[in-house]
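Q: Quick one: the structure is below, and I'll ask about it shortly.
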Amino acid sequence: MTRASQANTEATLSGWGNVPVPGHERLTERIDRASEGAVLSRGLGRSYGDSSLPPPDRREVLGTRLADRILGFDPQSGVMRAEAGLSLVEINRLMLRRGWFPPVTPGTQYVTLGGMVAADVHGKGHHSAGCFGSGHVRNLKLRLADGRIVECSREVEADLFRATVGGMGLTGHILEVEFAMRSIPSPWIWSESRRCGDIDEFIETIEEVHSTWPYGVGWIDCLSRGRNMGRGILDYGRWATAEEAAGKPLPNRPGIPIPFMMPGWLLGPLSVRAFNTLYYHQHVARHRRHGLRHPASFFYPLDTFLNWNRLYGRRGFTQYQCVLPKSAGRGAARTFLELLTSKGGASFLCVIKDTGPEGLGLLSFPKRGISIALDIAVRDDTQQLVDTLNELVISLGGRIYLAKDGFTRPEHYRAMEPRLDEFLQIRRRFDPEFRLRSAQSVRVLGDPARLVGEDETA
Amino acid sequence: MKVVILGATSGMGRAIARRLAERGDSLFLLGHEPEELERSAADLSARAPDFRGNVGHAHCDLREPEDFKMALTVADRALDGFDTVVVTAAVFATQEQLEADIDRTEELLRINFTNTVVFCEHARNVLLERGGGTLCVFSSVAGDRGRKPVALYGAAKAGLSTYLEALDHRYRSAGLNTICVKPGFVKTGMTAGLKPPPFAGEPDQVAALVVRAIDRGTPEVYAPSIWRLIMLVIMHLPRFVMRKVGF
Ligand SMILES: Cc1cc2nc3c(=O)[nH]c(=O)nc-3n(C[C@H](O)[C@H](O)[C@H](O)COP(=O)(O)OP(=O)(O)OC[C@H]3O[C@@H](n4cnc5c(N)ncnc54)[C@H](O)[C@@H]3O)c2cc1C
Ligand SMILES: NC(=O)c1ccc[n+]([C@@H]2O[C@H](COP(=O)([O-])OP(=O)(O)OC[C@H]3O[C@@H](n4cnc5c(N)ncnc54)[C@H](OP(=O)(O)O)[C@@H]3O)[C@@H](O)[C@H]2O)c1
């Protein structure tokens, strides 16, 4: 085989955004053993950018998804302990009909517990339930860079715990996670939705609705401008009571989801405008009561289209997600959308929700304010667009979400993240030689691309 | 059902045990690493209906045939008489690794053939004594035809397949259903270092087929099912072709 053709057939690995780097996963049930010496853990690869990808001098990451055993569940307290590769799909499959649901779930159930802790994920309920790791994890078992296996929690090795929750896999390999499930009155969601005419109305409605409803997320038509800018639909819900559900059995499949976040990329750019307009207007009533809804259609509408991420084509895509703090004032979201639409409507859809107080995880993303997320197809000007948005976000006192990021510059991240130094200090205490790194940590945190005294590609 | 499983800690054994636990069958695990057994037992217990699983386990190392009888006795007591025995445990190494290491070759042949058969003989005796039951054992498509990349591993599996087929012929009328499972390439820890060919299967897909075969007493299972066809073709390729091709 010639060199060139070898390079062509070299295995690649990518995040959900499908921007690949050379690399492969080592899959094993025994992450307790295989984590020794591994540079990074990777769950189901649902982070969008390069969080779960190896640094440039390495090829292999540890794939955790076969390490998926429940180690204990107490039906009295709801406390579950499990191996870090256990996925949310599996947890939901086993627990939903038995009356339990995770305290926090992201917008896809194809994630592992390890990934949920490492990104300290938030969900539709952030305003009421906080983040997964910061708010609900009681204990973690970690393989550290120096080879030791330790447990940490709020009380024991508290620094390590705070750095690991939201620490994007850089403090240790998470082997086991203990957290409390929440008990639910029925397996059905009771939901409503409201149409909002512009961004200001949107934000007012979110605040009003979220004072009483535990879950909610908004869909914004990013192509609308001027008077209509930021118009969209707010979808919110709570668990249905046993009386409302009336024993109705939950089918395995949710059916076609209500297309609140009907992905523009399924349609092709020209029809998106038409679709968004149509969609907005088909929500004729300002306020709709949907009643019982399948939790999968409520929490995971995008999971219906498995592998939808491939539709973005060869160059892949990224998601830009930022939080604009309450301190930036009510106008912040409008300012952001104005900049975005002036840059040519980078995205068709944009997801918006309000976020509650900052969690204890040192790099945990949310803080009190508004979170905005939009998908951006990778093009020649993507870096520039992200830079421009980041500059605005910095000036407003906000920050971006590492689990979605593939483009943020180190100086921008530093400017957004006053807690970074504390994180780095703790990390250095446990890993002075940077044995644990990712493509992202090299790009955003300034980790060495190559370790001193090593020139081999492992 | 009351099922003893040797190999439930990982791969296809894990997937089968989960399906059985989730539908309420009673399980007892045998294996060589106590901590792994403990963790798998916890997993299976949590999956039982109403979280009321109570899965026991005991030590049984395929390298130590002198302990097989005792392990099965312990399982039998715990389950108050088992009716089904499933064996997924085995070891794997590539042809290159084996050719370079005669001790490893000897050990693989012993574990995958001799000792597995000895284990099955003990299980068969217990089952026949009580009028029958099911003995479900994992062989491999690698035993169907002599092929370049699996000369040694395949030879042990060929021997095992032959034994299992004969057991079925010999004892079915006495009430013993012998099931020989022949997986094609399945993505488990065992094959993690290898490049998956087309039609590679997932453990749970295999588990669904195997549980159905146990319920129905089907004597031979290719899993995923497409491998029955693939092997049919391979079995009919002339020798001069097999000498040329790499699989
Ligand atoms: C459609 C979609 C919707 C989403 N919605 C949300 C949302 O609403 N809220 C939200 O917060 N996020 C959301 N996400 C992002 C997703 O929840 C996170 O990226 C999550 O981390 C993915 O989990 P994973 O198991 O796939 O981890 P990966 O993507 O494989 O890894 C993510 C990070 O976790 C680290 N990691 C994974 N496992 C371990 C381990 N065992 N030990 C140490 N580190 C580990 C990796 O090194 C990496 O840094 C969404 C993603 C998609 C695709
Ligand atoms: N995967 C494939 O593509 C494939 C294809 C054809 C046939 N097969 C066959 O299918 C069966 C299951 O394979 P798999 O892929 O699920 O493999 P796996 O995940 O490696 O599981 C093998 C099991 O055997 C156990 N084991 C290994 N050595 C043992 C010993 N000395 N004593 C007792 N138990 C021992 C292992 O326990 P520990 O984990 O504790 O070591 C593990 O539970 C095997 O018979 C294999 O040969 C597999």
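The values are calculated or read from the model by the stated rules, or taken from the named source; none is laboratory data. Quick caveat, the model's predicted, so the values are computed rather than measured. A quick note on method: Cβ atoms are made from the backbone with ideal geometry, for glycine too, and the neighbour counts reach across all protein chains shown. Quick note on the areas: whole protein, heavy atoms, side chains included, nothing else; ligands and nucleic acids left out. Shrake-Rupley method; radii C 1.70, N 1.55, O 1.52, S 1.80 Å.
Q: Rounded to the nearest 5, what % of the DSSP beta bridges within the range B:2-244 are antiparallel ones? Could the numbers behind the result be given before it?
A: On the way: 0 of 28 bridges.
Bridges in the range B:2-244 are about 0 percent antiparallel.
Q: Could you give the nm distance between label points at B:Val245 and A:Arg154, where each point is 7 Å from its Cα heading toward the beta carbon?
A: Label-label distance for B:Val245 and A:Arg154, simple model: 6.2 nm.
Q: Need one number: nm distance between label points at B:Asp80 and A:Arg33, each 7 Å from Cα along Cα→Cβ, rounded to one decimal.
A: With each label placed 7 Å out from Cα toward Cβ, I get 3.7 nm.
Q: How much of A:Arg409 can a 1.4 Å solvent probe reach, expressed as accessible area in Å² and rounded to 10?
A: Result for A:Arg409: roughly 90 Å² accessible.
Q: Taking 0.36 nm per intervening residue step and subtracting the Cα-Cα distance, what contour gain separates A:Arg93 from A:His24 on full extension? The partial results should precede the final answer.
A: Numbers: separation 69, 0.36 × 69 = 24.84 nm, distance 2.87 nm.
So the extension gain works out to 22.0 nm.
Q: What is the P(r) of the range A:178-223, as percent of Cα-Cα pairs per 10 Å bin from 0?
A: 20, 42, 25, 13, 1
Q: Ordering A:Phe299, A:Phe73 by how much accessible area each has at a 1.4 Å probe, largest first, what is the list? Display every interim value, and only then the final one.
A: Working: A:Phe299 10, A:Phe73 30 Å².
From most exposed to least exposed: A:Phe73, A:Phe299.
Q: Check cross-link reach from A:Lys343 to the lysines: straight Cα distance under 21 Å, and skip same-chain residues fewer than eight apart.
A: Here the lysines satisfying the reach criterion relative to A:Lys343 are A:Lys404.
Q: Need the list of aspartates and glutamates near B:Lys69 for cross-linking: C-alpha distance under 19 angstrom, and skip anything on the same chain fewer than eight residues off.
A: Partners found: B:Glu33, B:Asp61, B:Asp80, B:Asp83, B:Glu121, B:Glu129.
Q: Could you give the Stokes-Einstein D for the range A:99-253 in µm² per second, using the C-alpha Kirkwood radius, 20 °C, 1.002 mPa s? Walk me through the intermediate numbers first.
A: Details: Rh = 17.8 Å.
After rounding, the answer is 121 µm²/s.
Q: If you average 1/r across every pair of different Cα atoms in the range B:96-218 and take the reciprocal, what Kirkwood value do you get, in Å?
A: On the way: mean 1/r = 0.0640 Å⁻¹.
The answer is 15.6 Å.
Q: How large is the helix-only mean residue ellipticity at 222 nm for the protein assembly as shown, computed as the sum of -39500 (n - 2.57) over DSSP H runs with n ≥ 4, divided by its residue count, in deg cm²/dmol to the nearest 500? List each step's numbers first, then the result.
A: Numbers: 26 runs with 242 residues, N = 705.
Per the formula, -10000 deg cm²/dmol.
Q: Moving on. Packing-wise, with mean Cβ within 10 Å as the measure, how do A:135-143, A:219-227 rank, highest first? Mind dumping the intermediate values first?
A: Numbers: A:135-143: 21.8, A:219-227: 19.7.
Output ranking for A:135-143, A:219-227: A:135-143, A:219-227.
Q: Then there is this: At a 1.4 Å probe radius, which order do A:His24, A:His290, B:His169 fall into by accessible area, largest first? Write out the running numbers ahead of the final one.
A: On the way: A:His24 75, A:His290 45, B:His169 125 Å².
Listed by decreasing accessible area, they come as B:His169, A:His24, A:His290.
Q: Under 12 Å between alpha carbons, and skipping anything fewer than 8 positions from A:Lys124 in its own chain: which aspartates and glutamates qualify?
A: A:Asp235, A:Asp354
Q: Could I ask something else about it? Please average, across the residues of A:235-245, the number of beta carbons from any other chain that are within 10 Å of each residue's own beta carbon, and give a whole number.
A: Working: counts 0, 0, 0, 0, 0, 0, 0, 0, 0, 0, 0.
Per-residue shielding by partner chains comes out at 0.
Q: Kirkwood Rh over alpha-carbon pairs of the protein assembly as shown, then Stokes-Einstein at 20 °C and 1.002 mPa s: what D in µm² s⁻¹, rounded to an integer?
A: Values: Rh = 27.5 Å.
Estimated diffusion coefficient is 78 µm²/s.
Q: Would you please put A:163-169, A:103-109 in order of how densely packed they are, using the mean number of other Cβ atoms within 10 angstrom per residue and starting with the highest? Display every interim value, and only then the final one.
A: Details: A:163-169: 27.7, A:103-109: 20.7.
In descending order of packing, they fall as A:163-169, A:103-109.
Q: I would also like to ask the following. Given contacts defined as C-alpha pairs under 8 Å and at least six residues apart, what's the relative contact order of chain A, whole-number percent? Can you show the working numbers first?
A: Details: 1014 pairs, mean separation 87.5, N = 458.
Averaging sequence separation for qualifying contacts and normalising by length gives 19 percent for chain A.
Q: Another question about this same structure. How crowded by other chains is B:43-53, given as the mean number of beta carbons from other chains within 10 Å of each beta carbon?
A: Working: counts 9, 2, 3, 12, 5, 0, 1, 2, 7, 1, 0.
Taking the mean over all residues of the peptide, I get 4.
Q: For Cα pairs less than 8 Å apart in space and 6+ apart in sequence, what is the mean separation divided by the residue count of the range B:2-244, i.e. the relative contact order in percent? The partial results should precede the final answer.
A: Working: 442 pairs, mean separation 43.1, N = 243.
It comes to 18 percent, rounded to a whole number.
Q: Next question. Working from the pairwise distances between different alpha carbons, so that the mean of 1/r is found and then inverted, what is the range A:295-408's Kirkwood radius in Å?
A: Numbers: mean 1/r = 0.0665 Å⁻¹.
After inverting the mean inverse Cα-Cα distance, the result is 15.0 Å.
Q: Counting only other residues whose beta carbon sits under 13 Å from that of B:Asp103, what net charge do I get with K and R as +1, D and E as -1? Walk me through the numbers before you get to the answer.
A: Values: positive: B:Arg63, B:Arg104, B:Arg110; negative: B:Glu99, B:Asp101, B:Glu106, B:Glu107.
It works out to a net charge of -1.
Q: Something else: Between the range B:166-214 and the range A:142-160, how many Å separate their Cα centres?
A: Taking the Cα centre of the range A:142-160 as reference, the centre of the range B:166-214 is 40 Å away.
Q: Give me the percent of the accessible area of the range A:189-415 that comes from carbon and sulfur atoms, probe 1.4 Å, all protein chains in place.
A: Details: 5090 of 9480 Å².
Of the solvent-accessible surface of the range A:189-415, carbon and sulfur hold 54 percent.
Q: Order of B:171-180, B:112-121 by packing, highest average Cβ count within 10 Å first? Let's see the in-between values first.
A: On the way: B:171-180: 17.7, B:112-121: 19.8.
Ranked from most to least packed, the peptides come out as B:112-121, B:171-180.
Q: Okay, moving on. What's the center-to-center distance, using Cα atoms, between the range A:293-310 and the range B:36-87 in Å?
A: If we compute the Cα centre of each part, the gap is 38 Å.
Q: Let me ask something else about it. In peptide A:26-33, what is the residue-averaged number of other protein chain Cβ atoms found within 10 Å of each Cβ?
A: Whole-number average of other-chain Cβ neighbours for A:26-33 is 4.
Q: Give me the one-decimal nm value for the distance between modelled label points at A:Arg330 and B:Asp103, 7 Å along each residue's Cα-to-Cβ direction.
A: 7.8 nm
Q: Continuing with the same structure: If you take every DSSP beta bridge fully contained in chain A, what fraction is antiparallel? Give it as a percent rounded to 5.
A: On the way: 64 of 70 bridges.
DSSP beta bridges in chain A are roughly 90 percent antiparallel.
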